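Worksheet: one structure, shown below.
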Protein chains: 2
Amino acid sequence: MSSPSATPNTYPYQNEPTWSKSEKAIARTAFDAALKREFHQVIQEAKQKASQIKEPEDLWDLEHYLTERRKEIDRKYDYRYSQLTQVFGRLLHEGRLSEEELRGLRDDKLKSIRSFAELFAKYAA
Amino acid sequence: MSSPSATPNTYPYQNEPTWSKSEKAIARTAFDAALKREFHQVIQEAKQKASQIKEPEDLWDLEHYLTERRKEIDRKYDYRYSQLTQVFGRLLHEGRLSEEELRGLRDDKLKSIRSFAELFAKYAA
(Lines give C-alpha, C1' and ligand atoms only; values in the text may rest on other atoms or scores of the structure.)
Protein backbone atom coordinates (compact mmCIF):
# COMPACT_ATOMS: atom_id res chain seq x y z
CA MET A 1 0.00 0.00 0.00
CA SER A 2 2.63 2.54 1.08
CA SER A 3 5.27 3.69 -1.35
CA PRO A 4 8.88 2.91 -0.58
CA SER A 5 10.39 5.27 1.96
CA ALA A 6 12.19 8.24 0.53
CA THR A 7 14.53 8.33 3.49
CA PRO A 8 17.95 7.00 2.52
CA ASN A 9 19.04 3.98 4.51
CA THR A 10 21.26 4.78 7.42
CA TYR A 11 24.00 2.34 8.22
CA PRO A 12 22.07 -0.64 9.45
CA TYR A 13 21.63 -1.13 13.15
CA GLN A 14 23.92 1.70 14.18
CA ASN A 15 21.34 2.97 16.64
CA GLU A 16 19.66 -0.32 17.27
CA PRO A 17 19.14 -1.00 20.95
CA THR A 18 20.38 -4.30 22.25
CA TRP A 19 17.84 -6.72 23.66
CA SER A 20 18.70 -8.67 26.81
CA LYS A 21 17.66 -12.26 27.16
CA SER A 22 14.79 -11.38 29.51
CA GLU A 23 13.67 -8.59 27.17
CA LYS A 24 13.66 -11.02 24.27
CA ALA A 25 11.41 -13.36 26.23
CA ILE A 26 9.00 -10.51 27.04
CA ALA A 27 9.03 -9.33 23.42
CA ARG A 28 8.34 -12.78 22.05
CA THR A 29 5.43 -13.38 24.42
CA ALA A 30 3.88 -9.98 23.67
CA PHE A 31 4.37 -10.37 19.93
CA ASP A 32 2.84 -13.84 19.86
CA ALA A 33 -0.11 -12.76 21.98
CA ALA A 34 -0.89 -9.84 19.69
CA LEU A 35 -0.58 -12.00 16.60
CA LYS A 36 -2.84 -14.61 18.12
CA ARG A 37 -5.48 -11.97 18.90
CA GLU A 38 -5.22 -10.57 15.39
CA PHE A 39 -5.68 -14.04 13.87
CA HIS A 40 -8.63 -14.65 16.15
CA GLN A 41 -10.23 -11.42 14.94
CA VAL A 42 -9.65 -12.25 11.27
CA ILE A 43 -11.07 -15.74 11.76
CA GLN A 44 -14.21 -14.32 13.37
CA GLU A 45 -14.61 -11.74 10.61
CA ALA A 46 -14.06 -14.31 7.87
CA LYS A 47 -16.69 -16.63 9.36
CA GLN A 48 -19.09 -13.72 9.66
CA LYS A 49 -18.51 -12.59 6.07
CA ALA A 50 -18.86 -16.15 4.76
CA SER A 51 -22.12 -16.67 6.61
CA GLN A 52 -23.54 -13.60 4.85
CA ILE A 53 -22.54 -14.59 1.30
CA LYS A 54 -25.49 -14.42 -1.06
CA GLU A 55 -24.12 -13.43 -4.45
CA PRO A 56 -21.03 -14.55 -6.40
CA GLU A 57 -19.49 -11.09 -5.86
CA ASP A 58 -19.58 -11.77 -2.12
CA LEU A 59 -17.25 -14.73 -2.72
CA TRP A 60 -14.66 -12.54 -4.38
CA ASP A 61 -15.09 -9.87 -1.73
CA LEU A 62 -14.21 -12.53 0.84
CA GLU A 63 -11.24 -13.65 -1.25
CA HIS A 64 -10.03 -10.04 -1.49
CA TYR A 65 -10.54 -9.52 2.24
CA LEU A 66 -8.44 -12.60 3.06
CA THR A 67 -5.67 -11.62 0.63
CA GLU A 68 -5.46 -8.14 2.14
CA ARG A 69 -5.43 -9.43 5.71
CA ARG A 70 -2.70 -11.95 4.85
CA LYS A 71 -0.51 -9.26 3.28
CA GLU A 72 -1.14 -6.83 6.10
CA ILE A 73 -0.28 -9.40 8.77
CA ASP A 74 2.87 -10.39 6.86
CA ARG A 75 3.99 -6.77 6.75
CA LYS A 76 3.00 -5.85 10.28
CA TYR A 77 4.39 -8.74 12.27
CA ASP A 78 8.09 -8.30 11.60
CA TYR A 79 10.07 -9.84 14.43
CA ARG A 80 13.47 -8.38 13.58
CA TYR A 81 14.92 -6.70 16.66
CA SER A 82 15.70 -3.70 14.47
CA GLN A 83 11.94 -3.34 13.83
CA LEU A 84 10.41 -4.38 17.11
CA THR A 85 9.94 -1.01 18.79
CA GLN A 86 8.10 0.22 15.70
CA VAL A 87 6.05 -2.98 15.52
CA PHE A 88 5.09 -2.72 19.19
CA GLY A 89 4.32 0.97 18.75
CA ARG A 90 1.84 0.14 16.02
CA LEU A 91 0.28 -2.71 17.99
CA LEU A 92 -0.05 -0.42 21.00
CA HIS A 93 -1.72 2.21 18.85
CA GLU A 94 -4.08 -0.36 17.38
CA GLY A 95 -5.00 -1.61 20.82
CA ARG A 96 -3.68 -5.07 20.04
CA LEU A 97 -1.15 -4.87 22.84
CA SER A 98 -1.20 -3.26 26.27
CA GLU A 99 1.72 -1.48 27.93
CA GLU A 100 1.31 -4.01 30.69
CA GLU A 101 2.48 -6.75 28.34
CA LEU A 102 5.67 -4.83 27.63
CA ARG A 103 6.58 -4.36 31.28
CA GLY A 104 10.17 -5.38 31.85
CA LEU A 105 11.54 -3.79 28.68
CA ARG A 106 14.14 -1.08 29.27
CA ASP A 107 12.87 2.50 29.57
CA ASP A 108 14.54 3.63 26.35
CA LYS A 109 12.64 0.93 24.45
CA LEU A 110 9.32 1.76 26.10
CA LYS A 111 9.89 5.42 25.28
CA SER A 112 10.63 4.55 21.66
CA ILE A 113 7.56 2.28 21.48
CA ARG A 114 5.33 5.06 22.87
CA SER A 115 6.76 7.52 20.37
CA PHE A 116 5.91 5.17 17.52
CA ALA A 117 2.41 4.66 18.94
CA GLU A 118 1.93 8.44 18.92
CA LEU A 119 3.25 8.67 15.40
CA PHE A 120 0.80 6.01 14.24
CA ALA A 121 -2.02 7.79 16.07
CA LYS A 122 -1.08 11.01 14.28
CA TYR A 123 -0.71 9.62 10.78
CA ALA A 124 -2.95 6.55 10.69
CA ALA A 125 -5.98 6.81 8.46
CA MET B 1 -2.97 -25.53 -15.00
CA SER B 2 -2.71 -27.11 -18.42
CA SER B 3 0.15 -26.27 -20.72
CA PRO B 4 -0.60 -24.45 -23.95
CA SER B 5 -1.94 -26.69 -26.66
CA ALA B 6 0.66 -28.09 -28.99
CA THR B 7 -1.86 -28.12 -31.81
CA PRO B 8 -1.20 -25.29 -34.23
CA ASN B 9 -4.08 -22.87 -34.65
CA THR B 10 -6.26 -23.54 -37.60
CA TYR B 11 -7.69 -20.56 -39.42
CA PRO B 12 -10.14 -19.19 -36.89
CA TYR B 13 -13.78 -20.05 -37.21
CA GLN B 14 -13.45 -21.86 -40.51
CA ASN B 15 -15.45 -24.79 -39.16
CA GLU B 16 -17.44 -22.87 -36.65
CA PRO B 17 -21.12 -23.73 -36.74
CA THR B 18 -23.55 -20.87 -37.01
CA TRP B 19 -26.04 -20.37 -34.22
CA SER B 20 -29.62 -19.48 -35.04
CA LYS B 21 -31.52 -16.99 -32.92
CA SER B 22 -33.47 -19.75 -31.13
CA GLU B 23 -30.28 -21.74 -30.56
CA LYS B 24 -28.63 -18.70 -29.04
CA ALA B 25 -31.55 -18.35 -26.64
CA ILE B 26 -31.29 -22.02 -25.63
CA ALA B 27 -27.53 -21.73 -25.24
CA ARG B 28 -27.74 -18.62 -23.09
CA THR B 29 -30.33 -20.16 -20.80
CA ALA B 30 -28.37 -23.40 -20.40
CA PHE B 31 -25.11 -21.54 -19.87
CA ASP B 32 -26.55 -19.23 -17.24
CA ALA B 33 -28.26 -22.11 -15.44
CA ALA B 34 -25.01 -24.10 -15.23
CA LEU B 35 -23.09 -21.06 -14.04
CA LYS B 36 -25.70 -20.33 -11.43
CA ARG B 37 -25.51 -23.91 -10.14
CA GLU B 38 -21.72 -23.76 -10.07
CA PHE B 39 -21.80 -20.51 -8.08
CA HIS B 40 -24.33 -22.01 -5.71
CA GLN B 41 -22.01 -24.95 -5.11
CA VAL B 42 -18.98 -22.74 -4.49
CA ILE B 43 -20.97 -20.56 -2.10
CA GLN B 44 -22.05 -23.62 -0.13
CA GLU B 45 -18.52 -24.99 -0.03
CA ALA B 46 -17.06 -21.64 1.00
CA LYS B 47 -19.54 -21.31 3.85
CA GLN B 48 -18.77 -24.85 4.93
CA LYS B 49 -15.01 -24.27 4.85
CA ALA B 50 -15.32 -20.97 6.71
CA SER B 51 -17.43 -22.55 9.43
CA GLN B 52 -14.66 -25.09 10.03
CA ILE B 53 -11.79 -22.60 10.29
CA LYS B 54 -9.78 -23.14 13.46
CA GLU B 55 -6.19 -22.19 12.64
CA PRO B 56 -4.69 -19.29 10.69
CA GLU B 57 -3.63 -21.75 7.96
CA ASP B 58 -7.30 -22.54 7.42
CA LEU B 59 -7.83 -18.89 6.48
CA TRP B 60 -5.24 -19.05 3.73
CA ASP B 61 -6.58 -22.41 2.58
CA LEU B 62 -9.95 -20.72 2.12
CA GLU B 63 -8.30 -17.81 0.29
CA HIS B 64 -6.52 -20.27 -2.02
CA TYR B 65 -9.71 -22.24 -2.60
CA LEU B 66 -11.59 -19.06 -3.60
CA THR B 67 -8.79 -17.89 -5.90
CA GLU B 68 -8.69 -21.25 -7.66
CA ARG B 69 -12.47 -21.40 -8.05
CA ARG B 70 -12.55 -17.86 -9.44
CA LYS B 71 -9.86 -18.66 -12.01
CA GLU B 72 -11.46 -21.96 -12.95
CA ILE B 73 -14.88 -20.38 -13.45
CA ASP B 74 -13.34 -17.56 -15.50
CA ARG B 75 -11.65 -20.11 -17.75
CA LYS B 76 -14.53 -22.52 -18.00
CA TYR B 77 -17.47 -20.24 -18.72
CA ASP B 78 -16.41 -18.85 -22.06
CA TYR B 79 -19.47 -17.70 -23.96
CA ARG B 80 -17.85 -17.23 -27.36
CA TYR B 81 -19.84 -19.14 -29.98
CA SER B 82 -16.57 -20.58 -31.24
CA GLN B 83 -16.11 -22.20 -27.82
CA LEU B 84 -19.64 -23.10 -26.81
CA THR B 85 -19.79 -26.73 -27.94
CA GLN B 86 -16.62 -27.43 -26.01
CA VAL B 87 -17.90 -25.53 -22.97
CA PHE B 88 -21.20 -27.44 -23.03
CA GLY B 89 -19.33 -30.70 -23.50
CA ARG B 90 -17.36 -30.06 -20.36
CA LEU B 91 -20.44 -29.01 -18.39
CA LEU B 92 -22.25 -32.11 -19.57
CA HIS B 93 -19.32 -34.26 -18.49
CA GLU B 94 -19.21 -32.56 -15.10
CA GLY B 95 -22.93 -33.11 -14.60
CA ARG B 96 -23.55 -29.36 -14.45
CA LEU B 97 -25.83 -29.47 -17.44
CA SER B 98 -28.29 -32.05 -18.74
CA GLU B 99 -28.86 -32.93 -22.38
CA GLU B 100 -32.44 -31.95 -21.74
CA GLU B 101 -31.35 -28.32 -21.33
CA LEU B 102 -29.70 -28.38 -24.74
CA ARG B 103 -32.77 -29.68 -26.55
CA GLY B 104 -33.45 -27.53 -29.59
CA LEU B 105 -29.83 -27.18 -30.67
CA ARG B 106 -29.08 -28.61 -34.11
CA ASP B 107 -27.95 -32.22 -34.28
CA ASP B 108 -24.46 -31.35 -35.47
CA LYS B 109 -23.96 -29.22 -32.38
CA LEU B 110 -25.34 -31.86 -30.03
CA LYS B 111 -23.06 -34.41 -31.62
CA SER B 112 -20.07 -32.13 -31.19
CA ILE B 113 -21.06 -31.42 -27.56
CA ARG B 114 -21.34 -35.15 -26.82
CA SER B 115 -17.95 -35.75 -28.41
CA PHE B 116 -16.38 -33.13 -26.17
CA ALA B 117 -18.11 -34.64 -23.14
CA GLU B 118 -16.57 -38.03 -24.03
CA LEU B 119 -13.18 -36.43 -24.51
CA PHE B 120 -13.40 -34.81 -21.08
CA ALA B 121 -14.50 -38.10 -19.57
CA LYS B 122 -11.49 -39.77 -21.12
CA TYR B 123 -8.85 -37.22 -20.18
CA ALA B 124 -10.20 -35.54 -17.05
CA ALA B 125 -8.24 -36.20 -13.89
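The values are calculated or read from the model by the stated rules, or taken from the named source; none is laboratory data. From a predicted model like this one, the values you see are computed outputs, not experimental measurements. Here Cβ is always computed from backbone atoms with ideal geometry, including for glycine, and neighbour counts include all displayed protein chains. Note: accessible area is taken over every heavy atom of the protein model, side chains too, but ligands, DNA and RNA are not part of it. Shrake-Rupley method; radii C 1.70, N 1.55, O 1.52, S 1.80 Å.
Nearest 10 degrees is fine. How inclined is helix A:107-123 to the longest principal axis of chain A, computing both from alpha carbons?
Approximately 40 degrees, to the nearest ten.
Counting Lys and Arg as +1 and Asp and Glu as -1, each charge on the Cβ, what is the dipole of segment B:14-125 about the Cα centre in debye, to the nearest 20?
Magnitude of the dipole: close to 460 debye.
What area, in nm² and to one decimal, does the C-alpha convex hull of chain B cast on average over all directions?
Result: 9.0 nm².
Too long at a 30 Å Cα-Cα cut-off: which of B:Lys36/B:Lys111; A:Lys76/A:Lys109; A:Lys49/B:Lys21; A:Lys76/B:Lys54? Before the final figure, lay out the partial values.
On the way: B:Lys36/B:Lys111 25 Å; A:Lys76/A:Lys109 18 Å; A:Lys49/B:Lys21 41 Å; A:Lys76/B:Lys54 22 Å.
Beyond 30 Å between Cα atoms: A:Lys49/B:Lys21.
Suppose we keep just the alpha-carbon trace of segment B:46-93; what are its Rg and Dmax in angstrom?
15.2, 45
Give the interface area between chains A and B as buried accessible surface, both sides summed, probe 1.4 Å, in Å² to the nearest 100.
Details: alone 9040 and 9070 Å², together 16370 Å².
That pair hides around 1700 Å² of surface in total.
Which angle from 0 to 90°, rounded to the nearest 10, does the C-alpha axis of helix A:84-93 make with the longest principal axis of chain A?
50 degrees
With all protein chains present, calculate the accessible area of B:Thr29 using a 1.4 Å probe and round the result to the nearest 10 Å².
Taking all protein chains as shown, B:Thr29 has close to 90 Å².
Relative to the longest principal axis of chain B, what angle (0 to 90°, nearest 10) does the C-alpha long axis of helix B:21-51 take?
That helix lies at roughly 10 degrees to the long axis.
Take the rotation relating chain B to chain A, measure from its axis to every Cβ in chain B, and name the nearest residue with the distance in whole Å.
Axis relating chain B to chain A; nearest Cβ residue and distance: B:Ala50, 2.
Count the net charge of all other residues whose Cβ sits under 13 Å from the Cβ of A:Ser51, scoring Lys and Arg as +1 and Asp and Glu as -1.
+3
Over the alpha-carbon set of the protein assembly as shown, divide Rg by the Kirkwood Rh and report the Rg/Rh ratio to two decimals.
When Rh is taken as the Kirkwood radius, the ratio is 1.20.
Pick out, from A:Ser51, A:Ala34, A:Leu105, the residue whose Cα sits farthest towards the positive end of the charge dipole of segment A:26-125, with +1 on the Cβ of Lys and Arg and -1 on the Cβ of Asp and Glu.
With unit charges placed on the Cβ atoms, the residue in question is A:Leu105.
For chain A, what does the accessible surface come to per residue with a 1.4 Å probe? Please give it in Å².
Details: 8170 Å² over 125 residues.
That works out to 65 Å² per residue.
Search the structure for amide H atoms under 5 Å from the amide H of B:Gly104, placed 1.01 Å from N in the peptide plane, and list their residues when 5 or more places away or on another chain.
Correct list: empty.
For chain A, the longest stretch holding no trypsin sites (Lys or Arg not before Pro) located in a DSSP loop with at most 15 other Cβ atoms within 10 Å is which?
Longest site-free region, per DSSP loop and neighbour criteria: A:1-53.
Report the residue, chosen from B:Ser82, B:Ser51, B:Ser112, that carries the largest GNM mean-square fluctuation when chain B is represented by alpha-carbon nodes joined by springs under 10 Å.
Looking only at B:Ser82, B:Ser51, B:Ser112, the largest GNM fluctuation is found for B:Ser51.
Within chain A, what's the longest run with no chymotrypsin sites (Phe, Trp or Tyr not before Pro) in a DSSP loop and at most 13 other beta-carbon atoms within 10 Å? Give the range, please.
A:14-78
Tell me the relative contact order for segment A:6-125 as a rounded percent, counting alpha carbon contacts under 8 Å between residues six or more apart. Let's see the in-between values first.
Values: 73 pairs, mean separation 39.2, N = 120.
RCO, segment A:6-125: 33 percent.
Along Cα-to-Cβ, 7 Å out, sits the label point; list in nm, shortest first, how far the one on B:Tyr81 is from those in the other copies.
7.1
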